[in-house]
Amino acid sequence: MTVMLEIKNLHTTVGGREILNGVNLTIRAGEVHAIMGPNGSGKSTLSYVLAGRDGYTPTQGSVTFQGRDLLALDPAERAAAGIFLGFQYPVEIPGISTMNFLRTALNAVRKARGEAELSAADFLKLVREKAKTLDMDPEMLKRSVNVGFSGGEKKRNEMLQMAMLQPRLAILDETDSGLDIDALKVVSHGINALRGPERSLLMITHYQRLLDYVVPDVVHVLAKGRIVKTGGKELALELEREGYAPYVGEAA
Amino acid sequence: MTAANPHETLEQIAGDYKYGFVTDIESELAPKGLNEDIIRFISDKKGEPAWLLDWRLKAYRHWLKMTEPTWAKVSYPDIDFQDIHYYAAPKRGKDGPKSLDEVDPELLATYEKLGIPLKERGILAGVAVDAVFDSVSVATTFKDKLKEAGVIFSSISEAVKEHPELVKKYLGSVVPYSDNFYATLNSAVFTDGTFVYVPKGVRCPMELSTYFRINEAKTGQFERTLIIAEEGSYVSYLEGCTAPMRDENQLHAAVVELVALDDAEIKYSTVQNWYPGDKQGRGGIYNFVTKRGACRGKRSKISWTQVETGSAITWKYPSCILQGDNSVGEFYSVAVTNNFQQADTGTKMIHIGRNTRSTIVSKGISAGRGQNTYRGLVRMLSGAEGARNHTQCDSLLIGDACGAHTVPYIEVKNPTAQVEHEATTSKISDDQLFYCRQRGLSAEEAVALIVNGFCKDVMLHLPMEFAVEAQKLLGVSLEGSVG
């Protein structure tokens, strides 16, 4: 399998404090990885570094994405290259309908990829189809982006965006937080629908419950800014049983 | 690494004014300065009747006794009123062009550059265009179709000749010659503008549109617009502006008067994109405008919608005098100040009649070192039984060197009147920007999207063809506001 993402010795300082402290990680095409770890271990920071957020510039190390130097790209270029970040707390954009937002994003990405913009009719057809698989009411698409959405609706909206943008690597930050069991099933279904030999997933989560529905190939433990253990899906179960205490101690 | 020098990045993305070019056409200029002879010269050039010259002179003599207002939250160097040409006309034969074919091709090319090909666009959009180039109207389209409906749509100089009784009756009836410093100056020296008359019961068959453009260096432009909607009539008027780049400040002091009689409705929309000055705050238009509408008739309605992105300084308060019982006034405004732009803008809603209603929605956006002030007056007079006003006033800040100010004045003299005022101030958050950029939008596109969302309540009041243009304009105006 070809390598999708390769992170080597990644260090990142945020607000004067070193958060990532030598992360090494290789994800191959078609693989699903999960990163688990206690609060403050650097999980969200890693997702921001990969997506290129301002203020999250690495101090050391390299990130290669499909053979390209990912760190040389701005956030929009990374999105066009196929990086998608599912946010833990999706933001509200008042006055812009979800539909309009999706279309703007999709066309921006298509344009950057050298593809033609979708016609209004083709876009509508596509978005309705994808919304249906996520059990989303089409009326919701007329509402402003995430404004007044419940926690579950926001996460479904993230999944809808992912389904529309068809990324190569989706980084899902705490996608399971704030979901009841039914919503979790729907969202998991959305994630699984995206799995394929050409795509990779990096799931960031506290709990293993999402991993019952989206079964990972590899599980990593991130503690104090480094990956301290890597294993198969059974590692998630072990963490669930025994907690992170051994790793926090070990890294200290 | 993306760690480029932030100033470099800012330079790269800061857009230059897209419409900064100067058309090379010989102008007929009045000598610089202002005195009674200049006013006589203007009046003579336009072949005006004695009553109008007298009115101009009366205004001029009054203006001499007035002082420039200083209450607005704007600052600029003193204007030397003797250092301005008060008349400039594109040179042409004795008679004005009878059709577009007779119009100077250079003029037409200028409009092409602005994206306003009179022929194609006019026909396609079904918009009649009375294009004002400097001070003299050069082309008017769709006149015949309007004539059929009985609508008069012409330059004001033409109206003075062909419909003197209407002009005499209404000119200065909403904004009197003695109204304020700039309106009085305009009354003395106005060179041209637009006249619209919609007869009783007529719904104007198309949107009327005028594109203004200041072209001659050091030419103050003094437009005068007069729109009269007779009983039960309706008209929608669009005004849009761009100006060529110039290093010197240019004064623009227009006056717009609207009169709506019983059951009439006037919708007046503006997209103002005059040269705002450069990134250091040099140059740019001074836009000191008096716009006022009189809802004289019962159940009449006047609606102002404005998108103000240009000018170095904007001083503008489109207002409604709600005289007729049950009349309605509306003001929807987006004002953008970027770099060193200053805007002091808002409205006045004067409730005189019973059950009069007014709505004010103001969206101010400040970026760079821009200063944006909403200044609005809601006055309920003693006869305004059951009158109501609702004001929503929102400010959006981009960056931390700009300012937003809200100055509402509320005067209520009738105990049954209701006035509501809501105001918010917010900032574009890093979270919002990052979210949009992660979805593939550039920083500029992200700002444009968020700002358009913020302005939605105003934009939806613009006619469709204008709304699209205005959305793009918001993006262009804020280029370079995030680094």
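The values are calculated or read from the model by the stated rules, or taken from the named source; none is laboratory data. Nothing here was measured: the structure is a model prediction, and the numbers come from that model. Counting neighbours? That spans all protein chains shown, and the Cβs are built from the backbone with ideal geometry, glycine included. These area figures cover heavy atoms from the full protein model, side chains too; ligands, DNA and RNA do not enter into them. Shrake-Rupley method; radii C 1.70, N 1.55, O 1.52, S 1.80 Å.
Mind checking which residues of the stretch B:220-247 are assigned to a loop (DSSP other than H, G, I, E, B), of a type in the set (Gly, Ala, Ser) and modelled with pLDDT under 85?
Of everything in the stretch B:220-247, those that are assigned to a loop (DSSP other than H, G, I, E, B), of a type in the set (Gly, Ala, Ser) and modelled with pLDDT under 85 turn out to be B:Gly220, B:Ala243.
Got a number for residues in the stretch B:164-176 being surrounded by 17 or more Cβ atoms within 10 Å (Cβ to Cβ) and over 15 Å from B:Gly293 (Cα atoms)?
Within the stretch B:164-176, residues that are surrounded by 17 or more Cβ atoms within 10 Å (Cβ to Cβ) and over 15 Å from B:Gly293 (Cα atoms) number 1.
Which condition number does B:Glu420 fail, the rest of (1) touching a helix residue (DSSP H, G or I) at 6+ places or on another chain (Cβ under 9 Å); (2) free of Cβ contacts under 8 Å to residues at least 40 places away in the same chain; (3) outside any loop (DSSP other than H, G, I, E, B) being met?
(1)
How many of the residues in the stretch B:432-444 are at the interface with chain A (Cβ under 7 Å from one of its Cβ atoms), surrounded by fewer than 24 Cβ atoms within 10 Å (Cβ to Cβ) and part of a helix (DSSP H, G or I)?
Residues flagged as at the interface with chain A (Cβ under 7 Å from one of its Cβ atoms), surrounded by fewer than 24 Cβ atoms within 10 Å (Cβ to Cβ) and part of a helix (DSSP H, G or I) within the stretch B:432-444 amount to 2.
Looking only at the stretch B:262-287, how many residues end up being closer than 24 Å to B:Cys455 by Cβ, at pLDDT below 95 and touching a strand residue (DSSP E or B) at 6+ places or on another chain (Cβ under 7 Å)?
Going through the stretch B:262-287 one residue at a time, the tally reaches 9.
Give the residue, chosen from B:Leu381, B:Leu377, B:Leu322, that is farther than 29 Å from B:Asp431 by Cβ, open to solvent by 40 Å² or more (accessible area, probe 1.4 Å) and hydrophobic (A, V, I, L, M, F, W, C).
After ruling out the rest, the residue left standing is B:Leu381.
I'd like the full set of residues that are free of Cβ contacts under 8 Å to residues at least 40 places away in the same chain and among the aliphatic types (A, V, I, L, M), limited to the stretch A:193-209.
Within the stretch A:193-209, A:Leu194 is the sole residue that qualifies.
Given the stretch B:1-109, what helices (runs of 4 or more DSSP H) lie entirely inside it while holding 2 or more residues that are of a type outside the set (S, T, N, Q) and at pLDDT below 85?
Output list reads B:6-13.
Could you list all residues from the stretch A:156-189 that are at pLDDT 90 or above, open to solvent by 10 Å² or more (accessible area, probe 1.4 Å) and small (Gly, Ala, Ser)?
A:Ala163
If we keep just the residues of the stretch B:398-431 that are touching an Asp or Glu at 6+ places or on another chain (Cβ under 8 Å) and within 11 Å of chain A (Cβ to nearest Cβ), which is most open to solvent (accessible area, probe 1.4 Å)?
B:Asp430
Within the stretch A:83-101, can one find any residue that is open to solvent by 50 Å² or more (accessible area, probe 1.4 Å), within 10 Å of another protein chain (Cβ to nearest Cβ) and under 26 Å from A:Arg28 (Cβ atoms)? Let's see the steps before the verdict.
Step one: filter the stretch A:83-101 for residues open to solvent by 50 Å² or more (accessible area, probe 1.4 Å), giving A:89, A:92, A:94, A:100.
Now restrict to residues that are within 10 Å of another protein chain (Cβ to nearest Cβ): A:89, A:92, A:94, A:100.
Restricting the remaining residues to those that are under 26 Å from A:Arg28 (Cβ atoms) gives none.
So far as the stretch A:83-101 goes, no, none of its residues is open to solvent by 50 Å² or more (accessible area, probe 1.4 Å), within 10 Å of another protein chain (Cβ to nearest Cβ) and under 26 Å from A:Arg28 (Cβ atoms).
Six or more apart or on different chains, Cβ atoms under 8 Å: show the pairs whose first residue is in the stretch B:445-467 and more than 7 Å from chain A (Cβ to nearest Cβ) and whose second is acidic (Asp, Glu) and open to solvent by 20 Å² or more (accessible area, probe 1.4 Å).
That search, which allows pairs on different chains as well, returns B:His461/B:Glu330; B:Pro463/B:Glu207; B:Glu465/B:Glu207.
Against the definition (assigned to a loop (DSSP other than H, G, I, E, B), among the charged types (D, E, K, R), on the phi < 0 side of the Ramachandran plot and away from every other protein chain (no Cβ under 14 Å)), how does B:Glu385 come out, yes or no?
On the way: assigned to a loop (DSSP other than H, G, I, E, B): yes; among the charged types (D, E, K, R): yes; on the phi < 0 side of the Ramachandran plot: yes; away from every other protein chain (no Cβ under 14 Å): yes.
It is true that B:Glu385 is assigned to a loop (DSSP other than H, G, I, E, B), among the charged types (D, E, K, R), on the phi < 0 side of the Ramachandran plot and away from every other protein chain (no Cβ under 14 Å).
Within the stretch A:39-53, take every residue that is within 10 Å of chain B (Cβ to nearest Cβ) and assigned to a loop (DSSP other than H, G, I, E, B) and give me the one that is surrounded by the fewest Cβ atoms within 10 Å (Cβ to Cβ).
Result: A:Arg53.
If you check B:Cys402 against the conditions, is it of a type in the set (A, V, I, L, M, F, W, C), touching a residue at least 40 places away in the same chain (Cβ under 8 Å) and closer than 16 Å to B:Lys73 by Cβ?
Here the answer is yes, as B:Cys402 does meet what is asked.
Here are the criteria: (1) open to solvent by less than 80 Å² (accessible area, probe 1.4 Å); (2) closer than 29 Å to A:Leu73 by Cβ. Tell me which single one A:Arg195 does not satisfy.
Looking at each condition in turn, A:Arg195 falls short on (1).
I'd like the residue in the stretch A:134-150 that is under 23 Å from the mean Cα position of the chain (by Cα) and open to solvent by 40 Å² or more (accessible area, probe 1.4 Å) and, out of all such residues, is nearest to A:Ala183 (Cα to Cα).
It comes out as A:Asp135.
Within the group A:Ala76, A:Ala121, A:Ala131, A:Ala108, which residue is outside any loop (DSSP other than H, G, I, E, B), buried (at least 21 other Cβ atoms within 10 Å of the Cβ) and more than 14 Å from chain B (Cβ to nearest Cβ)? Don't jump to the end; show me each part of the working.
Details: A:Ala76 fails: more than 14 Å from chain B (Cβ to nearest Cβ); A:Ala121 fails: buried (at least 21 other Cβ atoms within 10 Å of the Cβ); A:Ala108 fails: more than 14 Å from chain B (Cβ to nearest Cβ).
On inspection, the qualifying residue turns out to be A:Ala131.
Restricting attention to the stretch A:88-102, report how many residues are out of contact with any Asp or Glu (no Cβ under 6 Å at 6 or more places or on another chain) and farther than 24 Å from B:Met459 by Cβ.
Summing the residues that are out of contact with any Asp or Glu (no Cβ under 6 Å at 6 or more places or on another chain) and farther than 24 Å from B:Met459 by Cβ in the stretch A:88-102 gives 1.
Could you identify the single residue in A:Glu18, A:Glu77 that is of a type in the set (Asp, Glu) and at pLDDT 95 or above?
Details: A:Glu18 fails: at pLDDT 95 or above.
Checking each option against the conditions leaves just A:Glu77.
Within the stretch B:347-374, which residues are farther than 24 Å from B:Thr424 by Cβ, open to solvent by less than 10 Å² (accessible area, probe 1.4 Å) and in a strand (DSSP E or B)? Spell out the reasoning first.
Here is the first cut: in the stretch B:347-374, the ones farther than 24 Å from B:Thr424 by Cβ are B:350-356.
Right, trim to open to solvent by less than 10 Å² (accessible area, probe 1.4 Å) and you get B:351, B:353, B:356.
Matches in the stretch B:347-374: B:His351 only.
Identify, by number, the condition in (1) more than 7 Å from every other protein chain (Cβ to nearest Cβ); (2) crowded, with 18+ Cβ neighbours inside 10 Å; (3) at pLDDT 95 or above that A:Tyr56 doesn't meet.
Among (1) more than 7 Å from every other protein chain (Cβ to nearest Cβ); (2) crowded, with 18+ Cβ neighbours inside 10 Å; (3) at pLDDT 95 or above, A:Tyr56 violates only (3).
From the residues in the stretch A:134-154 that are away from chain B (no Cβ under 14 Å), in a helix (DSSP H, G or I) and charged (D, E, K, R), which one is farthest from A:Pro90 (Cα to Cα)?
The selected residue is A:Glu139.
Could you grab me the full set of residues in the stretch A:59-72 that are facing chain B (nearest Cβ under 10 Å), open to solvent by 20 Å² or more (accessible area, probe 1.4 Å) and not in a strand (DSSP E or B)?
The answer is A:Ala72, and nothing else.
Residue under question is B:Gly293, and the condition is that it be small (Gly, Ala, Ser) and not in a strand (DSSP E or B); does it hold?
no
Which of the residues spanning the stretch A:204-216 are touching a Ser or Thr at 6+ places or on another chain (Cβ under 7 Å), of a type outside the set (Ser, Thr, Tyr) and either open to solvent by 20 Å² or more (accessible area, probe 1.4 Å) or part of a strand (DSSP E or B) (or both)?
Correct list: A:Ile204 only.
Quick check on my filter: what residues within the stretch B:287-301 are within 18 Å of B:Arg224 (Cβ to Cβ) and over 12 Å from the mean Cα position of the chain (by Cα)?
Correct list: B:Gly293, B:Ala294.
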